[in-house]
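Engineer: Handing you a structure now.
Values in this text are rule-based calculations from the coordinates and carry no lab data. Being a predicted model, the structure only gives us computed values, none of them experimental. Here the Cβ is made from the backbone with ideal geometry for all residues, glycine too, and neighbour counts use every protein chain on show.
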Amino acid sequence: MSGPLSGVRLLDFGQYLAGPFGPMILGDLGAEVIKIEPVTGDMMRMAGKPFFGCQRGKRDLALNIKDPRGRAIALELVATADIVHHNMTAGVATKLGIDYRACKAVKPDIVYCNTWAYGFEGPLARFGGLDPLYQASSGLEHESAAVHEGNTPLYYRFGMCDASNAMLSVVAVLGALFHRQRTGEGQEVWTSLFDGGAIFTSDAHLVGGVPAPRPHLDKDLMGMSATYRLYRTQDDDWICIAAVTDVDFKALCAALGVPEITDEPRFASSASRLEHRRQLETILEPRFRTKTARFWTRTLDEAGVPNEVPVDTQGGELPLFDADNVALGLVAQYQHPIMGDVRQFGELIGFSETPGVINGPPPLVGQDTRAILLELGHDEADIDDLVANGVCYEPDEHYTERFLN
Amino acid sequence: MRAVPGALNGIRILDLSWGIAGPLGVLLLAEQGADVIKVEPPGGDPFRAYDGYRVWNRSRRSLTVDLKTDDGREVFDRLLGTADVLVESFRPGVMERLGFGYDTVHARHPRVVFLSCPAYPDGHRLAHRPGYDALVQASSGQMWEQPGWRMGPIFLHMPMPSMGAFFLVSTGVLSALYARELTGDGQHVTTSLFAGAMLYTTQIWQHVEKANAQFHELMAKSYPPGIHQQMIFECADGWVHASVMSGLTPEKSQDEILGLDDAPDPFTFMAMAAEEREKFNARRREKFKEWKRDEIVAAFQQNNHAIEAIITPDEQFTHPQLIANDMVKTVVDPVAGETTQVGTPLHMFGTPTAIQGPQPTPGQHNEEILKELGL
């Protein structure tokens, strides 16, 4: 058994990021993922790396679903599948003839998942949208920049609302799959980028209508408190400390050569240290400036004070070539026929009995068109005709003129 | 507790985890109907000191047990006999010292899915480093990846490693439960905050030998921060984030709505020299300042342009879409009283999700659970 989801077949009709990322993760867990791609290619291919970030390990059928013959093939394939997954905007799947009702008609126990921008219904449900909107609507951009200190809001460049929507869809699909396994019932599930943002700030809540206290960043974006933050060191490097307990605070002050301040009432408890945050920082900042980051991490380690020197990964080069990360399977490595050597994050979850698999590179447009159609029972002549009429596509000698990857 | 059975009805999860990733990962399972028992030391999980924990820690019962005593261990072992899943977030080695390492648990309770989510993976040179979220942000490189309003690493307000790992916790448990239906056996499922940090590198960390360098430069870290940052605008009374894409056909262009009559079309604009673009953007920024935040949001949306106000997290609860998504929920907390919390972001028509109850007080369900065990 390779991967806990071995034997599960998923059809991925999604494009861009928030759709395809979830199926990729389910593929890493052992599901067979078939990307149903327009014959003109996924719009995201032109972006290169971000496209690669959500497509590895999939098989690929290039199909024009708008053509009646294409739609018929899509439904033939649905009849063989366990999961249908996509991120089409409102009404598109219905127009294409592959909405839940249509899929259920050919596969009664199908698990059907639509990842939306905003949601299934509601005032903004008709909109599509990109990750930054949901960093705004969830309050992430407000907090990330300490806007309350007068700064301009700040976008997190990880695009994590896309990933969050996708991961919510993974969790929903797995729940539905488990339910199907126990009862034989399929169902329709949905998630959204909007909710994907909201989960990130879900600790924010109201008590009797009043916002509960929540930590905020300082104007320089150093951290949450005097003892849970970055400090600048002598060599213009940095150190991050997490001396949040009384014991760790005492050890920190001793290591920094200011043990006497731990006796002061204003720094006696974590609450009072938070209240006098600026005063405490004014004492600690110049101390950190007297030695290098390497000196401090050694010294604080010896003193048992939690700390790390922030790593500049050179855009991911360090972790993707890190021996421990590679040995532990955290790095995926494969060869792409056009793009050459590729590395990206690997298996993020380990399974002692059913280890997952990385099934190779992102697919070429239509690389499995013929194989999949043959599996469905179409004969070679029929497939040639479908390709000749643009209902399907498979790579030909002009591939690299049409597609980047 | 619930009216409609969830997908995980009848599944029992023992949650020994502290912090964010474990409790929030378990939340997504609890609200699919799993019976979650938080097993915490007498006095409670130390993270309870944080107010926001009351959201991440809801939808479960609490049993206080001292796993350092023989009696406590006996109770916990008895409980394991009734459980399907165990979730823990200690440093590698701690569960072994408590007498509940994977091998021991698996030998006695082979069907239990045992999920570990420490800060770093077992076997990694960082495995025994302290596991605070901020420190994993530092060691994983996320702080250096994020541009800010100064040079150097930026402290991420969002606890990003934990906010990746909680998804891996839910995913790991569900996958192993699925596999168990086929194999009959539980297994050791492992993830980490460090893996959680990697989850969010998918758009920025790829080594691709022959990648499209031009696009990657556009996406790269820059100072001042680039790409999407350029669509953030200040209004008369706040900030908005506009978007170039809505999936809809706009009626008027954004510039027309703003009152910029001589605006170039988007393609001409993209082709303009950076300096020219910046000149025009400066005019755009001035125009936004003439609008109130909520008025420009309404005007853009009416014309099929996607835009959001940059609100504080507390303002979410009045967002009409959050309400439409059934994500604004009243929860009566045993300590704080009436609270407003974000609901469950998993929308499942066949097996609806639901909040199962507020955060329990430490040991709130001791008597009930011990009775169920026949103790």
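Engineer: Determine the percent antiparallel among the DSSP beta bridges restricted to the protein assembly as shown, to the nearest 5.
Structural biologist: 50
Engineer: Among A:Asp28, B:Asp103, which comes first, then next, by fewest other beta-carbon atoms within 10 Å?
Structural biologist: Details: A:Asp28 25, B:Asp103 10.
Listing A:Asp28, B:Asp103 from fewest to most nearby Cβ atoms yields B:Asp103, A:Asp28.
Engineer: Using a Gaussian network model on chain B with a 10 Å cutoff between Cα atoms, which of B:Val75, B:Val297, B:Val136 fluctuates the most?
Structural biologist: Highest fluctuation of the listed residues: B:Val297.
Engineer: Within 10 Å of each residue's Cβ, count the other Cβ atoms and sort A:Phe120, B:Phe269, B:Phe300, B:Phe194 from fewest upward.
Structural biologist: Values: A:Phe120 18, B:Phe269 14, B:Phe300 23, B:Phe194 27.
Ordered by Cβ neighbours within 10 Å, fewest first: B:Phe269, A:Phe120, B:Phe300, B:Phe194.
Engineer: Out of the stretch A:57-146, which trypsin sites (Lys or Arg not before Pro) are coil in DSSP terms and have no more than 15 other C-beta atoms within 10 Å?
Structural biologist: On the way: sites: A:Lys58, A:Arg59, A:Lys66, A:Arg69, A:Arg71, A:Lys95, A:Arg101, A:Lys104, A:Arg126; in loops: A:Lys58, A:Lys66, A:Arg126.
Those that pass, being in a loop and sparsely packed, are A:Lys66.
Engineer: If you don't mind, another one. Between B:Glu278, B:Glu308, B:Glu145, which gets the highest mean-square fluctuation from a Gaussian network model of chain B, Cα cutoff 10 Å?
Structural biologist: B:Glu278
Engineer: Per residue of A:216-226, what is the mean number of Cβ atoms on other protein chains within 10 angstrom of that residue's Cβ? Could the numbers behind the result be given before it?
Structural biologist: On the way: counts 2, 5, 1, 2, 6, 11, 6, 5, 4, 0, 0.
Per residue, the average neighbour count from other chains is 4.
Engineer: What order do you get for B:Arg180, B:Arg150 when you list them from fewest to most C-beta neighbours inside 10 Å? Please report the intermediate quantities before stating the final value.
Structural biologist: Working: B:Arg180 23, B:Arg150 12.
Exposure proxy ranking, most exposed first: B:Arg150, B:Arg180.
Engineer: Shifting gears a bit: Measure nothing but the geometry: give the 0 to 90° angle between the long axis through the Cα atoms of A:246-255 and the longest principal axis through the Cα atoms of chain A, rounded to 10°.
Structural biologist: On a 0 to 90 degree scale, this one is about 70.
Engineer: Just subtract the alpha-carbon distance of B:Leu373 and B:Arg91 from 0.36 nm times their residue separation and send over the number in nm, one decimal. Working shown, then result.
Structural biologist: Numbers: separation 282, 0.36 × 282 = 101.52 nm, distance 2.90 nm.
Extra length available between B:Leu373 and B:Arg91 comes to 98.6 nm.
Engineer: Turning to a different aspect of this structure: Could you work out how much longer the chain between B:Thr318 and B:Ala274 gets when fully extended? Use 0.36 nm per residue separation minus the Cα distance between them, nm to one decimal.
Structural biologist: Extending this stretch completely gives an extra 12.0 nm.
Engineer: Once you list every other residue whose beta carbon is under 14 Å from the beta carbon of B:Tyr120, what net charge do they have if Lys and Arg are +1 and Asp and Glu are -1? Let's see the in-between values first.
Structural biologist: Details: positive: B:Arg91, B:Arg125, B:Arg129; negative: A:Glu308, A:Asp322, A:Asp324, B:Asp122, B:Asp133.
Every neighbour counted, the sum reads -2.
Engineer: A follow-up question, please. Skipping prolines and chain starts, which residues have an amide H placed within reach, meaning under 5 Å, of the one on B:Gly33, given they are 5 or more residues away or on another chain?
Structural biologist: Result for B:Gly33 returns B:Leu8, B:Ala354.
Engineer: Does anything in the stretch A:232-247 have its amide N under 17 Å from the 7 Å Cα→Cβ label point of A:Thr292, and if so which residues?
Structural biologist: Answer for this model: A:232-240.
Engineer: How shielded is A:83-92 by partner chains, expressed as the average number of their Cβ atoms within 10 Å of its Cβ atoms?
Structural biologist: Details: counts 0, 0, 0, 0, 0, 1, 3, 2, 0, 1.
So the per-residue partner count for this stretch is 1.
Engineer: Another question about this same structure. At what distance in angstrom do the alpha carbon centres of the stretch A:178-227 and the stretch B:255-324 lie from each other?
Structural biologist: Each part's Cα centre sits 26 Å from the other's.
Engineer: While we're on this one: Which one of B:Thr318, B:Thr353, B:Thr340 has the biggest mean-square fluctuation once chain B is modelled by GNM with Cα springs under 10 Å?
Structural biologist: Greatest mean-square fluctuation among the candidates belongs to B:Thr318.
Engineer: Right, another one. Mind jotting down the distance between the C-alpha centroids of the stretch A:247-317 and the stretch B:31-58, whole Å?
Structural biologist: 30
Engineer: Where does the protein assembly as shown land at 222 nm, in deg cm²/dmol rounded to the nearest 500, when only DSSP H runs of n ≥ 4 count, each adding -39500 (n - 2.57), divided by all residues? Mind dumping the intermediate values first?
Structural biologist: Values: 34 runs with 282 residues, N = 780.
Value at 222 nm, helices only, nearest 500: -10000 deg cm²/dmol.
Engineer: Taking every residue in A:318-329, how many Cβ atoms of other protein chains lie within 10 Å of its Cβ, on average? Walk me through the numbers before you get to the answer.
Structural biologist: Numbers: counts 2, 8, 5, 1, 2, 1, 7, 5, 0, 3, 10, 2.
That average works out to 4.
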